[in-house]
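Reading through the structure tokens given below for one structure.
Each value in this text was obtained by applying a stated rule to the coordinates, not by laboratory testing. Small disclaimer: the values here were computed from a predicted structure and weren't measured. Methodologically, a virtual Cβ is constructed for each residue, glycine included, from the backbone with ideal geometry; neighbour enumeration extends over all protein chains shown.
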Amino acid sequence: MSKKEQSDYNALFNPETEVSSDSSSVTDEYKPSAEKGKNNVYQAIIRFIPWYKDPKHGSLQDKWTSWLVDPVTDRGRFVDCPSSVGKPSQLQDMYWKLKKSESVTFQKKAQIFSRRHSFSTLIQVIKDENNSDLEGKILVYRFGVKIWEKINAELKPVIGEKHDPYDILQGKAFALVITKVSGYNNYDQSKFVDKRIPLCIPNEEEKLKPITPDNDKKKVFEWVKENSPNLEKYSYQEWDSETQDYVNQVINAVTGETVVPTNTASVVNKKDDGGANVSDKVANDEISSKNISTEDIGDDDGDSLELPDLDDDKKDDDDSDSGISGDLDDVMKNL
């Protein structure tokens with residue numbers, strides 16, 4: 001065994017996951033929502049899984065995205081904001097140009113270029129009676145700031161001991177409870193429970209069993225590698241020429257002027273892994289600007305709060321945590 005392989009195996013078992021201090025195919029993604037649950041309440045038990053290629057730095061992907069709607073076609077698509085990687089952003093430039101305009105109409109249009117913070121990670125579904133076929137699978141889970149805050153509170157607690165949710169032997173289970181509040185998915189009742197639950201892999205009889213410190217690290221690593229979706233697809237993506245053209249088209253439609261891009265050096269020539277362009281994917285998902293109101297989203301920093309499809313939540317005024325038991329066994333009995 002090479003030193004590199006040994007290092008990879010050890011890193012998986014000791015990810016020491018880091019998160020930024022700043023604030024695929026369909027089957028590869030976990031997409032729970034209140035509407036898919038019983039009586040508009042979705043309950044499941046999941047656990048977070050480190051990204052085998054880079055357990056320490058790559059297990060939690062984050063980026064800023066804009067839901068950019070073309071006023072001419074009334075269609076929208078997500079565009080990764082170059083500010084995600086510290087580059088000049090044509091989207092943010094346009095947001096502030098319109099926001100600071102003397103025209104009230106242009107000030108409102110600034111929201112078209114607002115952004116939001118989104119996160120992606122790998123999870124293993126432990127218990128999900130809404131979709132039992134997913135139990136045991138490793139999937140990509142995309143979420144917003146609220147769940148990120150719960151993860152960050154475990155990694156960087158104000159009081160108490162640090163807990164790494166990505167520790168495949170000692171990570172706590174996460175009870176996911178999604179309710180509907182004011183028409184939006186709400187995650188206030190979701191929480192880490194006290195029960196530690198290891199990664200579960202099939203035994204010789206193909207039954208899922210929790211791993212132990214005695215398991216062969218190489219076998220565990222290879223199983224995770226073979227069964228993990230490609231998380232790199234959810235990291236910040238440099239703009240290709242089609243994306244740049246789309247951004248310019250929206251700017252022209254909104255303002256009536258052609259703006260010289262400030263980040264053309266970031267444009268790359270590439271296609272989606274599946275061979276389809278992004279606009280085809282948006283069309284297949286039947287997303288339109290009617291899903292959102294540009295009058296109600298965004299704040300003075302240009303950070304959007306409610307955009308479609310990323311399951312971000314709208315914070316309820318009641319911050320009480322009256323949802324679930326802290327014991328995993330009790331939680332799973334109640335599901």
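Take 142-152, 198-208 and order them by the average number of nearby Cβ atoms within 10 Å per residue, most first; the result is 142-152, 198-208.
Take the Cβ atoms of Glu242 and Leu155, set R0 to 35 Å, and the FRET efficiency comes out at 0.40.
Do any chymotrypsin sites (Phe, Trp or Tyr not before Pro) in the stretch 81-132 lie in a DSSP loop with no more than 13 other beta carbon atoms within 10 Å, and if so, which? Each step should come with its number before you reach the end.
Details: sites: Tyr95, Trp96, Phe106, Phe113, Phe119; in loops: none.
Hits after loop and neighbour filter: nothing returned.
When the chain is fully extended, how far beyond the present Cα-Cα distance does Asn252 get from Arg75, taking 0.36 nm per residue of separation? If you can, show how the numbers build up before the last one.
Values: separation 177, 0.36 × 177 = 63.72 nm, distance 1.51 nm.
Using 0.36 nm per residue and subtracting the Cα-Cα distance, I get 62.2 nm.
Taking 28 Å as the limit for the C-alpha separation, the pairs Lys156/Lys218; Lys172/Lys225; Lys191/Lys218; Lys38/Lys219; Lys56/Lys109 exceed it in the case of Lys156/Lys218; Lys191/Lys218; Lys38/Lys219; Lys56/Lys109. Residue-wise HN-Hα couplings along the stretch 194-199, as the Karplus relation 6.51 cos²θ - 1.76 cosθ + 1.60 with θ = phi - 60° gives them from phi, are 6, 5, 8, 9, x, 4 Hz; Gly and Pro carry x.
Would you please give the FRET efficiency between Lys218 and Ser103, computed as 1/(1 + (r/R0)^6) with r the Cβ-Cβ distance and R0 = 51 Å, to the nearest 0.05? Each step should come with its number before you reach the end.
Numbers: r = 63 Å, r/R0 = 1.24.
Once rounded, the FRET efficiency stands at 0.20.
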